[in-house]
């Protein structure tokens, strides 16, 4: 088996003391920034990128990858215990994870998040090794029409995520799309909604928006509350999920692994979308959908597994065709190019140490993370137990440094603070912010793909239905919408029958 | 991480310091910022970092690469255009700044009047590429097809007003053919679409596709260089195919804010020229896909003027407008 041979070679590289050390540094920093709200993997990698100029390329990639998937572990801790997502991909974990914590089951939630992440991460590493070459070819068959239909599906998923009134979710989604429009239009080159500020040409960054809405607003909200300690207590012995928990979680974990892995491969997909998609899927598949939002363990296990699996999937396009699928991967690409390496089909052949070494290190890193996050969970909780009067200023400081560090832009800093206040108002008025963020990411991709498709196919909209993959996505969207309508139609029928 | 954050703060502090302490006796008395309008790891950043240490040594003073990304490099250009002309903040100007000015009458700087040219550093070949198994084996076949079937071929570029877009339109008007323009958000999505066969050809800077050309996934049909590229001797230039006006290459250059003292300009140019004369530097740049191509202050000034004139003509003729 060629795969086994390749992986063995990879372990040979990853097990070198130097690379083990960088792997550990990566996952440790990743967990730390994952735990700390406000600063996410993107900010951390951006801050650390210059330091990788001085170490070998494979060590650099091993460390940066460690930060990325390490953050996915750490992010769940904060989501569950304090109801603040440690990073954007853990937003959805707040919903049920924090409910579980309130019910005294924080240990089980943390345990299942770490175990799910480990299982998802480990399976993904093998999938990555096995499927990288053929999957890269599959991803290439996605042209603008396929992306368009995928985005339609993505926007339909938004409807599914809606907690509470659907009208509020729609308002948020529409607002997200409008925010996504700001900046230079890719197709025409015209600036839209920039009001003459050419700093806005690049659009409103997703990082300041997420940090503001989720990080800053949480601090604001907590400042006015009379604080009883809302960090849920964790008993170490309660960390292992019960047999019943496992029974409810195994399905979500395995589904989340494959869903996350697949979505991670697609540009624009990645960890955030996969966690939302997994949550929506589990909610629909669950025999007890009403338990979601009230502490369903499946709502923690699925998304937490999916976001980890997505980080693995995201490496496929980068390492096989040299295309980054998200901002974090773009930074990784930068790290490789700094070392004079051109990621592409040749990298697997010419730099086997780099390619297979990084993959093998991800397996080792996932093991380290399980150790870091289960027996040592107390350590990370200690960080969160720091008094709020101390913690909140630090969170704000980390948010400020983090958001400034990505682009060295003061505008981003102000945007984050603005969205912090806005997020505070939204929370007060019970608007959900997740649809806004998701629509802001999907909206521009949706529009570009639509208009590119129409240019290529001379304005013929039928192409979206006649191309098989695109048609399948649209059919999926339609099914999702119909299945959403079914309960309404049933109640309507019943209503009509009752009033006959 | 804290250390890096501090480095970031010091960089900013340096910038402020430079702004305050104008009027130096013997330039440079303190570190000189080489301001790159793109993030660390971008191609501009890589080139400048590859040169930085040698320039420092040849200058006899520290130079520091400072990333100021935003609005496709415009933010950095605007900042430097408004910086004091003391020689401590230099901009890495590129063809994209010139193209932007040609396509956008509201560009917040003027490449001719706001900057003092110092040295051109590198040029970068631009090529027209198709998928490896494309039905077009030569550029002549592609032109013949486009002529027989106007507006059927799809031409991908890294964005409206990009170097690839201008170069593609230049080819279109010189060859008197018609094809559709599909803009993508940067070169990576365009390359993916080409690899997947969703567009017919792509015009882009060569380094963006070098790996895929070597592997055979993409083929270069023609280059925009003035003579055949040494690394691709079999690929014809547009000029030799009978389109002498279709010559273009990307370039980076150091410029200073207008009214910077000539002594500073000359000293910096000498350090850059010496750096680019080093065979090891030339080889390192070659590996990154760039050609060392030094021009001194006077030549660079004339060069920028002619580039802007030509870009403005293309923009007008093909109606390329950014607003």
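Read-outs: derived from the displayed coordinates by stated rules, not from any lab. Since the structure is predicted, the reported quantities are computational estimates derived from the model, not experimental observations. Cβ sites come from the backbone with ideal geometry, for glycine too, and all protein chains shown count toward neighbours.
The table that follows gives values for the structure above.
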read-out	value
Whole-Å semi-axes of the ellipsoid equivalent to chain B (Cα gyration tensor, √5λ, descending)	37, 20, 18
Computed over chain B: relative contact order in percent, which uses C-alpha pairs under 8 Å that are six or more apart	26 percent
Estimated distance in nm for a label pair at residue B:113 and residue B:303, the labels positioned 7 Å out from Cα along Cα-to-Cβ	2.4 nm
Ranking of B:305, B:116, B:283 by count of other Cβ atoms within 10 Å, fewest first	B:283, B:305, B:116
Candidates B:29, B:43, B:307, ranked by Gaussian network fluctuation over chain B, Cα under 10 Å, top entry	B:29
Sites residue A:284 and residue B:133, calculated FRET efficiency, Cβ-Cβ separation with R0 56 Å, nearest 0.05	0.85
Order of A:483, A:274, B:96 - criterion: other Cβ atoms within 10 Å of each residue's Cβ, fewest first	A:483, B:96, A:274
Per-residue mean of C-beta atoms belonging to partner chains within 10 Å, peptide A:185-192	6
At R0 = 51 Å, FRET efficiency that the Cβ-Cβ distance of residue A:247 and residue A:414 yields, to 0.05	0.55
Calculated P(r) of the stretch B:125-241 - Cα pairs past 22 Å, %	23 percent
Contact order relative to length of the stretch B:125-241, as percent, for alpha carbon pairs under 8 angstrom and 6 or more apart	37 percent
Antiparallel %, DSSP beta bridges [both residues in the protein assembly as shown], to 5	65 percent
Cα-based helix-to-principal-axis angle, B:297-317 vs chain B, degrees rounded to 10	40 degrees
Volume per residue that the Cα convex hull of the protein assembly as shown spans, once the total is divided by residue count, Å³	171 Å³
Average beta-carbon neighbours from other chains, 10 Å sphere, peptide A:445-456	3
Principal semi-axes in Å for the stretch B:119-174 [√(5λ), Cα gyration tensor, largest first]	24, 14, 11
Relative contact order %, the stretch B:145-210, counting alpha carbon pairs below 8 Å whose residues are six or more apart	42 percent
Burial ordering of A:94, A:156, A:399, fewest other beta-carbon atoms within 10 Å first	A:156, A:94, A:399
MRE, 222 nm, helices only [DSSP H, n ≥ 4, -39500 (n - 2.57), over chain B, to nearest 500]	-13000 deg cm²/dmol
Choice from B:84, B:31, B:244 showing the highest fluctuation, given a GNM over chain B with Cα pairs closer than 10 Å	B:244
Tilt relative to chain B, helix B:139-148 - C-alpha long axis, 0 to 90 degrees, to 10	60 degrees
Degrees, to the nearest 10: B:43-59 long Cα axis against longest axis of chain B	40 degrees
Square roots of 5 times each gyration tensor eigenvalue, C-alpha, the stretch B:179-307, largest first, Å	32, 17, 16
Full-stretch length increase - residue B:53, residue B:283 - with 0.36 nm per residue and alpha-carbon distance subtracted	81.3 nm
Residue mean of other protein chain beta carbons inside 10 Å, A:194-202	4
Most mobile of B:135, B:228, B:270 in a GNM of chain B (Cα contacts under 10 Å)	B:135
